[in-house]
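Visitor: What follows is a single structure, and I will ask about it in a moment.
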Amino acid sequence: MPIRFALLPLLPVLLLLSCVNPHQSPSPVPPTGHVYWVDGSSPAAADTNPGTEAKPWKTIARAGIAKELRPGDTVYIKTGLYREGVNITVSGQPGKPITFAAAPGAYVVVKGSRRISETDQNRWTLLSDQKDMKEPYPNAFKRVWRIHLGDEYFAAMPSKSDWCLTQVFLNDLTPLQMIGTDHFYPDSDCIRPIGKGLGDMIDNSFYYDPADKSLYVKVGGEPGWYGMEVGVQGYVLNIQNTHDIVVRGLDMRHNLHPCICNIGGCERVTVEDCRCRLSDFGGMGVCGSKNCTVRRCDLSFNGNTGLDLNTTENVTVEDCTLTFNNYRHFNPGWHCGGMKNIPNNRGSIIRRNEVAYTYDGPGIWFDGASHGFDNWDYQILDNVCHHNGGDGIFSEINQGGGIIANNLTYANAGHGIYVAGSAKVWVVNNTVADNVAGIVLMPRDGFPLQNDRVLNNLMIRNYIATDTLATGCDLTLFAYPPLQEEKNNPPLTQAQADNLSDFNVFADNHWTPTLRHHWNPNNTLADWQKKYGQDLHSRQMPVPFERTGLGFKLLSTQGLDFAAPLPPECKWRPSNPKRVGSTITQWP
C-alpha cells in the first residue's frame, strides 16, 4: 500500500491542530443599515418570513437572493448546520457593502454534503454475506459494505451524465480514498487512478458504481455506526457577477466539484474569517474578478489547492492559513499546491500567509502557462512557506514582473524560491533555509530569464547531504557570460542574461556553501565571484539557527546589517533597510 494512504487517518487530528490561527481577528464592524436574520434551527424560521430576528429566514440561500437587501444592510446567521448551496446575487455600493456574517458568538457550518440515511428498505449490507458476489481473491470483500443511493443524492447535478461521487466522508473530517477513475479528471496526467473496482478497495476507501447507483465503502465497522456523508453540491458558496459584498465567519466544507467558495466576475468582494476545507478540488477560487480581498481565512485540507486565482486584477490574499492541501494527490506537474494562480493575474498581493504541508506540490505558485498568459506585477510578501512537498514559492513563465520579498521559506522538499522563465522579478530580503535547494533562477522551455535581481537574501543549509554533497546548492543563477568550457550551456544573449545577484549571505555553519550558473558543477563563493562577477558584495559566514520539528528560529542577526539599498524601480521597501534576510526570524 503506498505510504500516502497512511496520511488520511491523520486528517482529523491535523484539522484540530489547524484550528489555531496565528492571526487575531478584529471585532466585527457594527451594521450601518438594516439587519436581517437567518436561523435554520428556529421552529419559527421560514423563507417566506420577513427575515426579522423573531421571524427569521430558514436558509442562507434565501438571503443570498433577497430583493429586500439594500447597500449597507447586514444578514446575521445564527448557529447551526446548513446543508445547502448558496448563491449570492445581490450587490451593495462602494463603501456600503451588503454583509453576510455569522451572528456575534455564533458558529455557522455550511456543508455541500448529504448524510447517508438508512431506511427499512435500504440499509448497509456486508458484501461478504452476499453469496451472489464472487470475490476476486480470498477476503477481498472483508469489511466492504454496500448501500443504494437514490436520485435525491444527485439532485444538485445538472444532468444524469454527471451523476458521480468524488467525496465520501467518515465522521465529518475523514475523507475516504476514491477507488477507480475520477469522473471529472479521467486523464491520468491529472490524477492517477487508484485501482479499478471492488477488488482494489483498501481500508478507508470507497467505490461508486453509477450503473446501479451503489456506493461501496471499506471501513472498520458498520458504516451505520458513523456519520457517513457524500459531497453533492458543486459550490457551497457561489458569489457570481456581484459587487460590494462581505462574507464573514462561515465554516464551509464538503462538496462534489469544483470548489467550496467561488468568487466569479465580481468587484470589491471581501471574504474574511472563513474556513474552506475538505473540497474535492479547491478551497476557494477567484476568477475574472477585480479589487477583491481574502482575509484571515483557513483554506486547508482540500483535495487539490487551497486557493486559485484566474484572470484577476488587484486581488489581495492576506493573513490566511493554507495547509495540508492536495490530499488527493493530484499530479504537481499539472495543477496543485497551497495556492496555484494561473493565468493572467495582475497586481496580485499575497502577504502574511502561512502556506505549509502541501502534499507533493509547491506552496505559492504563480504560473503564466504560455505566451500571452503571464501574471503581472504580483507581490509575494511576508509569507511563511514550510514543509511543502515541492517548492516553497514558484514563479513559472511570468514575463510581467513581480516581487518576492521578506518571506521565510524552510524545510520544503523542492526549491525554497524558484523563478523559471520569468523576467523583472525581484527576489529580495528573504530567508531561505534547509530546503532541498535554495534560490534558483533558470530559463524555461523557450521563455528567457532576464532582468531579474537576487539581493539581500539569507541562505542557510540548502542542499542534500550525500557522500559528496554534490546535490542541491544555495543559489543557482543563469547569468552572463557563460564559461567557454561549459559546453552544454545554451547560448545567451545579453538581454537574456542581464540578471544580478549581490549583497546576500551564504551560511557556512558546517559545510562550504556552493553556487551554480546552470546545472554545472558547484562553485565556491570565491570562484563564483571570479568567474561570473556575481555576488561581489555578498558574504560567507556562520549563521546560528535552529530547525527542529516543524519550527524555525534564527538565533542571531549579528553580521547581517550590510544590505544594499533597493533601487526605485523595486516597488517594495524593507522595514529595516540595513538587514539581510527576512524580518521573520522565528516560526511559529
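The values are calculated or read from the model by the stated rules, or taken from the named source; none is laboratory data. All values reported here derive from a predicted model rather than from experimental measurement. Here the Cβ is made from the backbone with ideal geometry for all residues, glycine too, and neighbour counts use every protein chain on show.
Visitor: Taking the condition part of a strand (DSSP E or B), among the β-branched types (V, I, T) and in contact with a strand residue (DSSP E or B) (Cβ under 7 Å, 6 or more places away or on another chain), does I239 pass?
Guide: Criteria met by I239.
Visitor: Of the residues I116, I88, I98, which single one is under 26 Å from D182 (Cβ atoms) and not small (G, A, S)?
Guide: From the options I116, I88, I98, the qualifying one is I116.
Visitor: With surrounded by 14 or more Cβ atoms within 10 Å (Cβ to Cβ), modelled with pLDDT of 90 or more and closer than 28 Å to L381 by Cα as the only criterion, which of P565, P542, P574 stands out?
Guide: From the options P565, P542, P574, the qualifying one is P574.
Visitor: Is it the case that D273 is within 25 Å of the chain's Cα centre (by Cα) and free of Cβ contacts under 8 Å to residues at least 24 places away in the same chain?
Guide: no
Visitor: Say we look at region 536-559 and pick out the residues that are touching a residue at least 60 places away in the same chain (Cβ under 8 Å) and in a loop (DSSP other than H, G, I, E, B); which of these is nearest to the chain's Cα centre (by Cα)?
Guide: L550
Visitor: So in region 395-412, with the set limited to residues that are touching a residue at least 40 places away in the same chain (Cβ under 8 Å) and part of a strand (DSSP E or B), which one is nearest to F478 (Cα to Cα)?
Guide: Looking at the filtered set, the residue picked out is E396.
Visitor: What number goes with the only condition from (1) under 26 Å from K553 (Cβ atoms); (2) at pLDDT 85 or above that F478 does not pass?
Guide: Only one criterion in (1) under 26 Å from K553 (Cβ atoms); (2) at pLDDT 85 or above is unmet by F478, namely (1).
Visitor: Among (1) of a type outside the set (S, T, Y); (2) over 30 Å from P30 (Cα atoms); (3) in contact (Cβ under 8 Å) with a residue 24 or more places away in the chain, which single condition is Q121 missing?
Guide: Unmet for Q121, out of (1) of a type outside the set (S, T, Y); (2) over 30 Å from P30 (Cα atoms); (3) in contact (Cβ under 8 Å) with a residue 24 or more places away in the chain: (3).
Visitor: I'd like the full set of residues that are β-branched (V, I, T) and under 16 Å from R453 (Cβ atoms), limited to region 557-581.
Guide: V580
Rundown of residues vs (1) within 34 Å of the chain's Cα centre (by Cα); (2) surrounded by fewer than 19 Cβ atoms within 10 Å (Cβ to Cβ); (3) in a loop (DSSP other than H, G, I, E, B); (4) on the phi > 0 side of the Ramachandran plot, yes/no style:
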| residue | (1), (2), (3), (4) |
| --- | --- |
| F100 | yes, no, no, no |
| S117 | yes, yes, yes, no |
| S128 | no, yes, no, no |
| W145 | yes, no, no, no |
| T166 | yes, no, yes, no |
| D182 | yes, no, yes, no |
| Y185 | yes, no, yes, no |
| Y207 | yes, no, no, no |
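Visitor: Now a separate question. How many residues, within region 209-218, are under 11 Å from L176 (Cβ atoms) and surrounded by fewer than 21 Cβ atoms within 10 Å (Cβ to Cβ)?
Guide: 1
Visitor: Please go through region 523-535 and give me each residue that is in contact with a strand residue (DSSP E or B) (Cβ under 6 Å, 6 or more places away or on another chain) and either in a loop (DSSP other than H, G, I, E, B) or aliphatic (A, V, I, L, M) (or both), ordered by number.
Guide: Result: L525, Q534, D535.
Visitor: Farther than 30 Å from L555 by Cβ, part of a loop (DSSP other than H, G, I, E, B) and under 21 Å from the mean Cα position of the chain (by Cα) - does that describe any residue in region 413-425?
Guide: No - not one qualifying residue is present in region 413-425.
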